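To start, the structure under review is shown below, and the notes come after it.
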Amino acid sequence: MKIAKYIFLLFVPLFFLSGMSAANAYIDKKTAVIKIMNKAAGKSQTINLTVGKHTEYEKLNLLVRTCKQTDPFQPEDFFMFIEISKNSEGKIFSNWMSRNDPGKSPLQNADYDLWLVKCE
């Protein structure tokens, strides 16, 4: 009986620690698929951004630093870190975005809305 108790005390912490490491696993992707809306023109477009490459879209300069997907054994979500500059204003956004929680750190600009669709 004492042996079973010691085995239980030994493996329970290992079980929880192994679960914690899997919850923080992400898969790096090379492309961020975003949806961008020009509010003044009333048009939206889906575009692909290569991670690490500057991309120009109308008056914006976009740079995705990283795009990640959650582990396949976790609920699906995508995250990207993006830097956005506007020609006339300089840097207007530099933060993480999540597909499943777009309102948590949105681009707040009078001319554009931008959100993450997925990482590929």
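The values are calculated or read from the model by the stated rules, or taken from the named source; none is laboratory data. Only a predicted model underlies this, so the values are computations on that prediction, with no experimental measurement involved. Cβ atoms come from the backbone with ideal geometry, glycine included; neighbour counts cover every protein chain shown.
Step by step: first the residues of segment 19-45, then only those that are surrounded by 10 or more Cβ atoms within 10 Å (Cβ to Cβ) and modelled with pLDDT under 90, then the one that is nearest to Asn61 (Cα to Cα). Which residue is that? Applying the filter and picking the extreme gives Ala25.
Okay, residues lined up against (1) touching a Gly at 6+ places or on another chain (Cβ under 8 Å); (2) more than 16 Å from Ala32 (Cα to Cα); (3) crowded, with 17+ Cβ neighbours inside 10 Å:
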site	(1), (2), (3)
Thr50	no, no, no
His54	no, no, no
Glu58	no, yes, no
Leu62	no, no, yes
Phe73	no, yes, no
Phe78	no, no, yes
Ile84	no, no, yes
Gln108	no, yes, no
Tyr112	no, yes, yes
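Of all residues in segment 76-120, those satisfying the criterion of being within 21 Å of Gly42 (Cα to Cα) and part of a loop (DSSP other than H, G, I, E, B) are Asn87, Ser88, Pro102, Gly103, Pro106, Leu107, Gln108, Asn109, Ala110, Asp111. So Arg65 ticks every box in (1) in contact with a helix residue (DSSP H, G or I) (Cβ under 7 Å, 6 or more places away or on another chain); (2) part of a strand (DSSP E or B) but one. Which box is left unticked? In the conditions (1) in contact with a helix residue (DSSP H, G or I) (Cβ under 7 Å, 6 or more places away or on another chain); (2) part of a strand (DSSP E or B), Arg65 misses (1) alone.
Residue under question is Asn48, and the condition is that it be within 15 Å of the chain's Cα centre (by Cα) and modelled with pLDDT under 95; does it hold?
Values: within 15 Å of the chain's Cα centre (by Cα): yes; modelled with pLDDT under 95: no.
When the stated conditions are applied, Asn48 does not pass them.
Listed by first and then second residue, the pairs with beta-carbon distance under 6 Å, at least 6 apart or on different chains, first residue in segment 62-78 and closer than 19 Å to Phe93 by Cα, second not in a strand (DSSP E or B), are Val64/Val51; Cys67/Val51; Phe78/Arg99.
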